[in-house]
1. What's the exposure ranking of S140, S48, going from fewest to most Cβ atoms within 10 Å?
2. On full extension of the chain, what length is gained from R197 through D175, given 0.36 nm per residue of separation minus the C-alpha to C-alpha distance?
3. Which residue, chosen from L249, G228, S239, occupies the Cα position most advanced towards the positive end of the dipole of segment 206-254, where the dipole is computed from +1 (Lys, Arg) and -1 (Asp, Glu) charges on Cβ about the Cα centre?
4. What does the charge dipole of segment 206-254 about its Cα centre add up to, to the nearest 20 debye, if the Cβ of each Lys and Arg holds +1 and the Cβ of each Asp and Glu holds -1?
5. Determine ³J(HN,Hα), in whole Hz, for all residues of segment 52-59 in sequence, where each value follows from phi through the Karplus function 6.51 cos²θ - 1.76 cosθ + 1.60 and θ = phi - 60°; x replaces Gly and Pro.
6. Enumerate the calculated ³J(HN,Hα) couplings along segment 222-239 in order (Karplus 6.51 cos²θ - 1.76 cosθ + 1.60, θ = phi - 60°), each rounded to whole Hz, writing x wherever the residue is Gly or Pro.
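A short reminder: the numbers here are calculations on the coordinates, not readings from a lab. Keep in mind that this is a model prediction, so the values were computed, not measured. Backbone-built Cβ (ideal geometry, glycine too); neighbour counts: all protein chains shown.
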Amino acid sequence: MTVSRPNGRMRHASLALAIVLGVACDCGPRSTGGADATVERDAPTTTSCRNAADCPDPMRQTCVLGRCRGAAGAPCTSDEDCFRGHRCAQSRCALDATDDGGGGEGGEAGVACASMLECDDGDPCTIDQCIRRSCVYSLSDADGDGFASRAMAPECPDCADDEPDARPGQTRWFDRPYEFLGMGSSYDWNCDGIVERRYLARLDRCEDHTRERCTDREGWADPVPACGATGRWGRCAWSDDAGCRLEVLEAARVQTCR
């Protein structure tokens, strides 16, 4: 069966009608290079980012250290645009088929399969695929901290998979929050669901203390600041001339949290 191609007048008329109606139109090739010219298409692109919302495909990509990276099916221009254990093939991320089943970044393999539907390992924190008729399972870990992204499922432990420092068991304290999935920010750097402030000690009014109560214990001279905020940090010090008075040790100590 021969299929006729629309001539230029028909294409222009179709395009005009589409503009009037406000609908999408496939009005023929955009190339003007003749019958043998290829049709131009918009290739998927990657971009710099602040969070996943800045990425072209936020359902498959997340922002890792300022660069959009994605799982299988996400747009890419190089392997650097894909999660660990993936590679860029034909402008899309895919699990690295060179993995021979030995584990590592490419995941684990071994179960025979005919389709991806046969490779569900029951773990919501892994990416399950059928490659070379063998099931391959890889951890959904975009930032490389060894923990699966909570974006996969609520039970996965990593609360911010585009921030390597935000992970279960984090013991450091931070004076800045992290952003997660373009939905907000948090100081819960150890992903336990509780924001913990480091400095909680607060001084009573030093002027009210007797010599016996005027100790060198340090604390906030102002109300305990919120995470990332500052306040005066000092101690009550005794002098025979002035009695018990506040000695400011830091005029603007920053409250750190995790």
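1. By the 10 Å Cβ count, ascending: S48, S140.
2. So the extension gain works out to 6.9 nm.
3. G228
4. 180 debye
5. Working through the residues one at a time gives 4, 5, 7, 7, x, 10, x, 6 Hz.
6. 10, x, 4, x, 6, 4, x, 8, 10, x, 7, 10, x, 8, 8, 10, 9, 9
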